Amino acid sequence: MSANTQEPHDKGLLEAALFLADRPLSVNELARILGPDSAHYTRDLLSELQNDLNSDAHGVELSINEEKALLRVKHGYVDAVAHLARHQDIPRPILRSLAMIAYNHPMTQSDLVKARGNKAYEHVRQLVNRDLIHADKQGRTLLLHVTDNFLHYFDLSSAEEFRFHVATPLSSNDGQ
């Protein structure tokens, strides 16, 4: 392929990688797909792809933040297609535990168990397995933090932004 025909192929290759990825991909990860010494070229292609997807004809957009790229559904389409997204299988009690962790970020597991009951231990295990939270040992308990995956999935820049959008704390009385 010549240089002129290579660029659309490479842009398509980046788009395919971003579509398949379940997390934001760094410029370096994407550059490795295109070949050695292509970080600058990759940034240029990502910029072009971002501009292409800004058109009203596309339902997805390319978000680039801190040298990481992520394809996501545009806000105007989210409500119509959200039921198709990953994590739709998370039961409501586990989502309530996740919301409490995000609202109180960081939060100890012992405080979560006090508020949510003993089932919170299983909630924490499942949320860690889904990479929505991570847990650090703190004495005899764990300190729970939301992950970058959580922030990207819910289109947030920080846990503080989540707190800002929540009008009142969630009640722990929901049948766990």
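The values are calculated or read from the model by the stated rules, or taken from the named source; none is laboratory data. Everything numeric here is computed off the predicted structure, so don't read it as measured data. FYI the Cβ positions are ideal-geometry reconstructions off the backbone, even for glycines, and counts take in every protein chain you see.
Annotations for the structure displayed:
- Condition broken by Ile94, with the remaining ones in (1) touching a residue at least 12 places away in the same chain (Cβ under 8 Å); (2) not in a helix (DSSP H, G or I) satisfied: (2)
- Enumeration of residues in region 11-30 that are part of a loop (DSSP other than H, G, I, E, B) and either of a type in the set (A, V, I, L, M) or modelled with pLDDT of 95 or more (or both): Ala21
- Applying a threshold of 7 Å to beta carbon distances and a minimum spacing of six or more residues, or different chains, the list of pairs starting in region 45-65 at a residue that is free of Cβ contacts under 8 Å to residues at least 24 places away in the same chain and in the same structural domain as Val27 (by TED's automatic domain parsing) and ending at one that is surrounded by 12 or more Cβ atoms within 10 Å (Cβ to Cβ) and among the hydroxyl-bearing types (Ser, Thr, Tyr) reads Gly59/Tyr77.
- Residue in region 119-132 that is of a type in the set (Gly, Ala, Ser) and exposed (fewer than 15 other Cβ atoms within 10 Å of the Cβ) present: no
- Residue among Leu20, Leu13, Leu46 that alone is of a type outside the set (Val, Ile, Thr) and surrounded by 16 or more Cβ atoms within 10 Å (Cβ to Cβ): Leu46
- Residue list for region 126-153, restricted to those being hydrophobic (A, V, I, L, M, F, W, C) and touching a residue at least 40 places away in the same chain (Cβ under 8 Å): Leu132, Leu144, Val146, Phe150
- Just one of the listed residues (His58, His40) is modelled with pLDDT of 90 or more and either part of a helix (DSSP H, G or I) or under 30 Å from Lys137 (Cβ atoms) (or both), namely His40.
- Any hit, region 74-82, residues being out of contact with any Lys or Arg (no Cβ under 6 Å at 6 or more places or on another chain), farther than 30 Å from Thr141 by Cβ and either among the charged types (D, E, K, R) or not in a helix (DSSP H, G or I) (or both): yes
- Selection over region 133-160 of residues that are surrounded by 18 or more Cβ atoms within 10 Å (Cβ to Cβ), at pLDDT 90 or above and either under 18 Å from the mean Cα position of the chain (by Cα) or β-branched (Val, Ile, Thr) (or both) gives a count of 4.
- Which listed residue is assigned by TED's automatic domain parsing to the domain that holds Val124 and either β-branched (Val, Ile, Thr) or assigned to a strand (DSSP E or B) (or both), from Ile101, Ile33: Ile101
- Filter pass, Ser38 being free of Cβ contacts under 8 Å to residues at least 12 places away in the same chain and either touching a Phe, Trp or Tyr at 6+ places or on another chain (Cβ under 8 Å) or of a type in the set (Ser, Thr, Tyr) (or both): yes
- Taken over region 82-102, residues that are closer than 15 Å to Leu151 by Cα and either buried (at least 17 other Cβ atoms within 10 Å of the Cβ) or of a type in the set (Asp, Glu) (or both) amount to 4.
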